[in-house]
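Contents: one structure, followed by commentary.
Please treat every number below as a calculation from the coordinates, not as lab data. Just so we're clear, the structure is a prediction, and the values are computed from it rather than from any experiment. Positions of Cβ are generated from backbone atoms using ideal geometry, with glycine treated the same way; all protein chains shown enter the neighbour counts.
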Ligand SMILES: NC(=O)c1ccc[n+]([C@@H]2O[C@H](COP(=O)([O-])OP(=O)(O)OC[C@H]3O[C@@H](n4cnc5c(N)ncnc54)[C@H](OP(=O)(O)O)[C@@H]3O)[C@@H](O)[C@H]2O)c1
């Protein structure tokens, strides 16, 4: 019997969203799967019901949730961040107001017990860190060039603070946020595709920084499983109160492969999987201080010039930080409370992801 009777995946035609759909369908346990998005144009699956709505349109959200009355809602929707599109106001509207609209509709729906928000591991205030914990402070300043992640940090807090123990019929809703690090896998038009484009454009001869920092990556299917486990735990907790200190409701969870890599080692492994021999590569190294200072100045200049209404199309300071700063996360909380374990390794994930993309080249 299905642990989850019915699930609405908001953004279920996106990269992560369609993997969540696939993982739910693969269980073959009768879970009814719904997807909500603005276009629902690609990566559709047989047996899934697709509904069109924009999360920032409160009325449409209410209407979708009321019409299907899902037991759990998973919100993966967010504006595209690579390449960055949209103003800070737009990101706030989708990430913060959209999440609030969904939780309001979920709380008002007598069947909806659980709400899971896809946050991000990159919401932390500090930029260079090893083994970060969920209790570390996040950056919630919506102004400035980091608005795609700071608005996610606000939505993350809103999700956790909207958790309540009321009975479901009385507006009760159990909530949690999942914070994935950089995801990769099949149909990955962001990270893996960008790395393969570098190869196609013959730009593999440059390296920013010394490639000594450690960085967390995660296979997208592992993240999909973490979302499902969180939704299941929240549904269980609506019936049985968990032991103190073991609860999922009201909490956030870092999700990684627990196998940090040096960024350029990961990228070169992607190139090797695409058939390029990296053994003789001797890249020209651009010092990280030079890259960061230049990007920082250009970020703020672009942001200030456009009054925060646009963003640089070249590498931003944030992009460069990913390449040369330490960013690893402790996932023991997800292991203990969600029963999460990264079952697909980084090597296997790269192989699967590159294979799926190389079919398209
Ligand atoms: N990719 C990463 O490495 C990474 C890392 C950490 C966190 N995350 C987070 O993980 C989530 C999923 O990322 P992803 O890479 O899978 O993104 P994606 O492929 O762009 O998918 C996002 C989905 O959200 C939908 N969407 C966007 N705006 C919407 C709106 N206003 N109303 C309803 N649906 C909307 C899009 O469909 P339509 O265009 O049809 O509406 C799309 O299906 C995001 O919240 C992202 O911030 C991603």
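Express in nm, to one decimal, how much length is gained between residue 259 and residue 356 on full extension, taking 0.36 nm for each residue of separation and deducting their alpha carbon distance.
32.7 nm
Go through 198-206, 126-134 and give me the packing order, highest mean Cβ count within 10 Å leading.
Ranked from most to least packed, the peptides come out as 126-134, 198-206.
Between region 319-361 and region 111-139, what is the C-alpha centre distance in whole Å?
16 Å
Give the angle, between 0 and 90 degrees and rounded to the nearest 10, that separates the Cα long axis of helix 346-358 from the longest principal axis of the Cα atoms of the chain.
80 degrees
So if I take the centroid of the Cα atoms in region 157-218 and the same for region 1-63, what is the distance between those two points in Å?
Here the answer is 19 Å between Cα centres.
Round to the nearest 0.05 the FRET efficiency obtained for residue 197 and residue 290 when R0 = 25 Å and r is the Cβ-Cβ distance.
Efficiency at R0 = 25 Å is approximately 0.60.
What is the angle, in °, between the Cα long axis of helix 191-200 and the longest principal axis of the Cα atoms in the chain? Nearest 10 is fine, range 0 to 90.
Roughly 30 degrees between the two axes.
Ranked highest first by the average count of other Cβ atoms within 10 Å around their residues, in what order do 46-52, 341-347, 64-70 fall?
Working: 46-52: 13.0, 341-347: 15.7, 64-70: 18.9.
Those peptides, ordered most packed to least, come out 64-70, 341-347, 46-52.
Between residue 239 and residue 129, what is the label-point separation in nm under the 7 Å Cα-to-beta-carbon projection?
3.6 nm
So, in nm, how far is label residue 136 from label residue 189 when the simple model puts each one 7 Å beyond its Cα toward the Cβ?
3.2 nm
So what's the angle, to the nearest 10 degrees on a 0 to 90 scale, between helix 220-237 and the longest Cα principal axis of the chain?
Its long axis makes an angle of about 30 degrees.
Within 10 Å of each residue's Cβ, count the other Cβ atoms and sort 227, 322, 19, 122 from fewest upward.
Ordered from fewest to most neighbouring Cβ atoms within 10 Å, 227, 322, 19, 122 come out as 322, 122, 19, 227.
Rounded to the nearest 5, what % of DSSP beta bridges with both residues in the chain are antiparallel?
Details: 4 of 40 bridges.
If we restrict to bridges inside the chain, about 10 percent are antiparallel.
So if we plug the beta-carbon distance of residue 336 and residue 212 into 1/(1 + (r/R0)^6) with R0 = 25 Å, what FRET efficiency do we get, rounded to 0.05? Show your work: numbers first, answer last.
On the way: r = 31 Å, r/R0 = 1.24.
It comes out at approximately 0.20.
Want the number for residue 282 to residue 246: 0.36 nm per residue separation, take away the alpha-carbon distance, what's left?
8.1 nm
Obtain the nm distance between the two label points defined at residue 3 and residue 58 by a simple spin-label model: each point lies 7 Å from its Cα along the Cα-to-C-beta direction.
Using points 7 Å along Cα→Cβ, the separation is 3.5 nm.
So what is the diffusion coefficient of the chain in µm² per second by Stokes-Einstein at 25 °C and 0.890 mPa s, using a Kirkwood Rh over Cα pairs?
On the way: Rh = 20.9 Å.
Reported coefficient: 117 µm²/s.
For the chain, what is the mean residue ellipticity at 222 nm derived from helices alone (per DSSP H run of n ≥ 4: -39500 (n - 2.57); sum divided by total residues; nearest 500 deg cm²/dmol)? Write out the running numbers ahead of the final one.
Numbers: 11 runs with 132 residues, N = 361.
It comes out at -11500 deg cm²/dmol, rounded to the nearest 500.
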